[in-house]
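Student: Attaching a single structure in structure tokens format; questions to follow.
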Amino acid sequence: MNPDHMKTVKPGGTIGILGGGQLGRMLALAAARLGIDAHIYCPEQDCPASHVSAGFSCSAYDDERRLTAFASAVDVITTEFENIPANTARFLTNRKPVFPSVKALEIAQDRVDEKAFINGQGIATAPWRRVDTLDDLKEALADIGPDGVLKTRRLGYDGKGQTRVKSIETAAAAFAGLDNAPAVLEGFIDFEREISVIVARGQDGEIRCYDPGENRHAEGILRETTVPANISPATRDNALRIAGQLAKALDYVGVMGVEMFVMRDGSLKVNEIAPRVHNTGHWTIEGCAISQFEQHIRAVCGLPLGSPARHSDAVMTNLIGDDVDAWQTLLATPGTALHLYRKGEARPGRKMGHTTRLL
Ligand code: AMP
């Protein structure tokens with residue numbers, strides 16, 4: 001960390017957050033606990049974070065006048081959404097400290113750059129090839145084999161922009177379905193389980209990791225995270241080492257999520273880095289004294305990191321679409337904490353809230 005960019009925000013200060021979804025909402029609540037105000041910048045009116053924040057600027061990410069006013073109203077800036085245009089972060093960096101850095105955001109926004117970075121650290125991923133043309137796709141299938149996942153290079157999340165392919169025909173159709181946008185072909189990984197590590201790195205380079213959670217997805221969307229993950233101590237140690245190494249190599253400040261596949265021999269492949277607080281870390285609100293959200297606020301505000309120790313085992317379940325209709329029953333369920341994000345319509349696939357059950 002360049003010492004010029006170090007910044008301490010004390011209680012009474014203001015943190016600016018780019019993005020106004022549920023992650024911003026839970027960050028704002030954690031900041032409030034430390035006596036720090038949150039100011040949200042988001043293009044959508046009525047977004048989940050705006051309802052719990054001291055300040056709200058509603059405008060486009062390229063509105064330089066509003067971005068300038070936002071920067072002057074806050075002490076430090078962070079993001080809750082990895083697809084913030086890099087130019088927005090760059091514009092703000094010239095006005096106030098932005099954590100994580102533009103470089104970290106850019107790497108995580110592009111699946112090719114991300115995988116090249118991870119492999120450059122000597123860390124395994126699924127085999128992959130960049131695909132810009134149909135010829136690239138044919139070559140990639142010849143190299144990797146027909147069983148794969150075709151993903152857009154940019155702007156994918158929750159399984160969107162990705163298709164399982166099993167032959168050149170299904171792959172070509174999937175590529176056409178992406179409007180021939182730049183893509184990456186990954187070999188399909190027959191993993192034993194999926195885990196993630198929530199890692200925090202402070203402005204001073206200190207690293208703290210939460211225990212890995214074990215994740216269950218359906219249709220590309222996270223359904224459930226259970227801690228502890230059912231992995232050996234050696235695999236756990238390796239997962240924490242990998243997450244810490246990646247955070248250090250990115251000169252990262254804040255919390256990030258590192259998703260990994262656990263193979264049958266206990267070895268790990270990194271699937272994805274999320275440069276923000278992460279859905280698989282929501283259990284830390286009830287399972288730890290210091291949640292991932294408070295840890296992120298502490299890191300970007302230059303405050304001492306808290307202990308990531310887990311005091312309880314936990315299961316976090318997302319409430320997706322009309323799952324949220326069960327809110328009254330969930331409120332009446334002993335040992336279950338209910339979080340609702342105050343989103344309007346419960347559309348299919350939309351994350352409306354979550355529960356954490358302590359075990
Ligand atoms: P992603 O959007 O890359 O995080 O992918 C969402 C989910 O799709 C992952 O958590 C996995 O369950 C599955 N997935 C993604 N890539 C692969 C792969 N190469 N092999 C097997 N499953 C995958």
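Values quoted throughout were computed directly from the atomic coordinates according to the rules given, and no laboratory measurement underlies them. Just so you know, these numbers come straight off a predicted model, no measurement behind them. Positions of Cβ are generated from backbone atoms using ideal geometry, with glycine treated the same way; all protein chains shown enter the neighbour counts.
Student: Let me have the 222 nm mean residue ellipticity of the chain computed from DSSP H runs of 4+ only, each contributing -39500 (n - 2.57), with the sum over all residues rounded to the nearest 500.
Tutor: About -8500 deg cm²/dmol.
Student: Sticking with this structure for a sec: Translational diffusion coefficient of segment 224-357 at 25 °C, 0.890 mPa s, Stokes-Einstein with Kirkwood Rh over Cα pairs, in µm²/s as a whole number.
Tutor: 149
Student: Taking the chain as a Gaussian network, where each spring joins two C-alpha atoms under 10 Å apart, which residue of 296, 51, 278 fluctuates the most?
Tutor: Highest fluctuation of the listed residues: 51.
Student: Past the 29 Å Cα-Cα mark, which pairs from 96/269; 96/248; 7/351; 151/351; 103/138?
Tutor: 96/269; 7/351; 103/138
Student: Along Cα→Cβ, 7 Å out, is where each label goes; now give me the distance between the ones at residue 45 and residue 94 in nm to one decimal.
Tutor: Inter-label distance under the simple model: 3.2 nm.
Student: Among 251, 325, 265, which one shows the biggest mean-square fluctuation in a GNM of the chain, springs joining Cα atoms closer than 10 Å?
Tutor: Evaluated over the chain, the most mobile residue of the options is 265.
Student: Right, next: Taking segment 3-107 on its own, what percent of its Cα-Cα pair distances exceed 16 Å?
Tutor: 52
Student: What translational diffusion coefficient, to the nearest whole µm²/s, does the chain have by Stokes-Einstein, given a Kirkwood radius computed over alpha-carbon pairs, a temperature of 20 °C and 1.002 mPa s viscosity?
Tutor: For these conditions, the coefficient is 103 µm²/s.
Student: Given contacts defined as C-alpha pairs under 8 Å and at least six residues apart, what's the relative contact order of the chain, whole-number percent?
Tutor: Here the relative contact order equals 15 percent.
Student: Most exposed first by the Cβ proxy, i.e. fewest other Cβ within 10 Å, how do 6, 263, 26 rank?
Tutor: Listed from fewest to most nearby Cβ atoms, that is 6, 263, 26.
Student: Starting with the fewest neighbours, write out 41, 252 ranked by other beta-carbon atoms found within 10 Å of each beta-carbon.
Tutor: 252, 41
Student: What distance in nm separates the simple spin-label points at residue 263 and residue 139, each placed 7 Å from Cα in the Cβ direction?
Tutor: According to this spin-label approximation, the distance is 2.6 nm.
Student: What is the distance, in nm, between label points placed 7 Å from the Cα along the Cα-to-Cβ direction at residue 87 and at residue 217?
Tutor: 3.0
Student: If you don't mind, another one. Choose one answer from 206, 294, 272: the residue with the largest mean-square fluctuation in a GNM of the chain with alpha-carbon springs under 10 Å.
Tutor: Between 206, 294, 272, it is 206 that shows the largest mean-square fluctuation.
Student: Given contacts defined as C-alpha pairs under 8 Å and at least six residues apart, what's the relative contact order of segment 3-107, whole-number percent?
Tutor: For segment 3-107, the relative contact order is 28 percent.
Student: If you don't mind, another one. Treat the count of other C-beta atoms within 10 Å as a stand-in for reagent exposure and order 114, 192, 224 from fewest to most.
Tutor: 192, 224, 114
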